[in-house]
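The values are calculated or read from the model by the stated rules, or taken from the named source; none is laboratory data. Keep in mind it's a predicted model, so treat the numbers as computed, not measured. Note: ideal-geometry Cβ built from the backbone for every residue, glycine included; neighbour counts use all protein chains shown. Just the protein is used for accessible areas: all its heavy atoms, side chains included, with ligands, DNA and RNA removed. Shrake-Rupley method; radii C 1.70, N 1.55, O 1.52, S 1.80 Å.
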Amino acid sequence: MSFIFHRQLPDERAVFTLFRDVYLGGAPVWDVQGWVRKEAAEYHASEARRFRSNWVEFRGRTIAKARKHRSAILSGRSQPVTFYLEHLPPLLSRQLDEHLNDADLPPGWDPAEKKQTILGGLHYVSDGNLTERQKEVFHMAGVMRMPRPEIAGAMGITTDCVKAHFSNAWKTMTEDQVDVDGLEWLLSGRRREPVPT
């Protein structure tokens, strides 16, 4: 009896990592998770996977295809777009673990406690008292670090409105006692300056 060995299929973690990279690559103007899963399923079923391609090449092509898809949605619109926001804790928990294990923590920060408060803040972004606009801006400005003009163009608002929504999101989180220092540390690698009152 003979066995035919094919390249190993990427595991769920590889598909999730691809989804995360595509999602964080720009405005979430379509169901990125469903799209990536469909692309990965088609890749797994294709002959190209077995004979001509590998996961790294597929990943690069998929990211490039996602950029084109996002650009087509944003440029071809005649009305405001719908944003498909993902729940942040699963999306950023691996990054949080890496930061807590590799980085020099600010004095007085307990890694286990900080992990819980930061995860609580990430949950708050989805389920807390932020308006839909604040959530959208926070995802694009805070998590994805997109430039304000790009966010404003995607949302159909001015850059001043983007700035106001982002500032108000931080202010609301501060008022609701979310660990804003921990969130800013995770998202940018530095501590956030206190909000003036």
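Condition check ((1) farther than 23 Å from TRP109 by Cβ; (2) outside any helix (DSSP H, G or I); (3) at pLDDT 95 or above; (4) touching a helix residue (DSSP H, G or I) at 6+ places or on another chain (Cβ under 7 Å)) across all residues:
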| residue | (1), (2), (3), (4) |
| --- | --- |
| VAL137 | yes, no, yes, yes |
| ILE157 | yes, yes, no, no |
| ASP160 | yes, no, yes, no |
| TRP170 | no, no, yes, yes |
| TRP185 | no, no, no, no |
| ARG192 | no, yes, no, yes |
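When the residues of segment 41-84 are narrowed to those that are basic (Lys, Arg) and at pLDDT 85 or above, which ends up surrounded by the fewest Cβ atoms within 10 Å (Cβ to Cβ)?
LYS68
Keeping to segment 85-110, report how many residues are open to solvent by 60 Å² or more (accessible area, probe 1.4 Å) and outside any loop (DSSP other than H, G, I, E, B). Working first, answer last.
Going through segment 85-110, the residues open to solvent by 60 Å² or more (accessible area, probe 1.4 Å) turn out to be 87, 90, 94, 98, 101-102, 104, 107-108, 110.
Then drop every residue that is not outside any loop (DSSP other than H, G, I, E, B), which leaves 90, 94, 98, 101-102.
Residues in segment 85-110 being open to solvent by 60 Å² or more (accessible area, probe 1.4 Å) and outside any loop (DSSP other than H, G, I, E, B): 5 in total.
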Q: Answer yes or no: is there a residue in segment 136-148 that is in contact (Cβ under 8 Å) with a residue 40 or more places away in the chain, open to solvent by 30 Å² or more (accessible area, probe 1.4 Å) and more than 17 Å from TYR84 (Cβ to Cβ).
A: yes
Q. Name the pairs whose Cβ atoms lie under 8 Å apart, with the first residue in segment 94-110 and within 23 Å of LEU18 (Cα to Cα), the second open to solvent by less than 80 Å² (accessible area, probe 1.4 Å) and of a type in the set (Val, Ile, Thr), and 6 or more positions between them or separate chains?
A. LEU96/ILE118
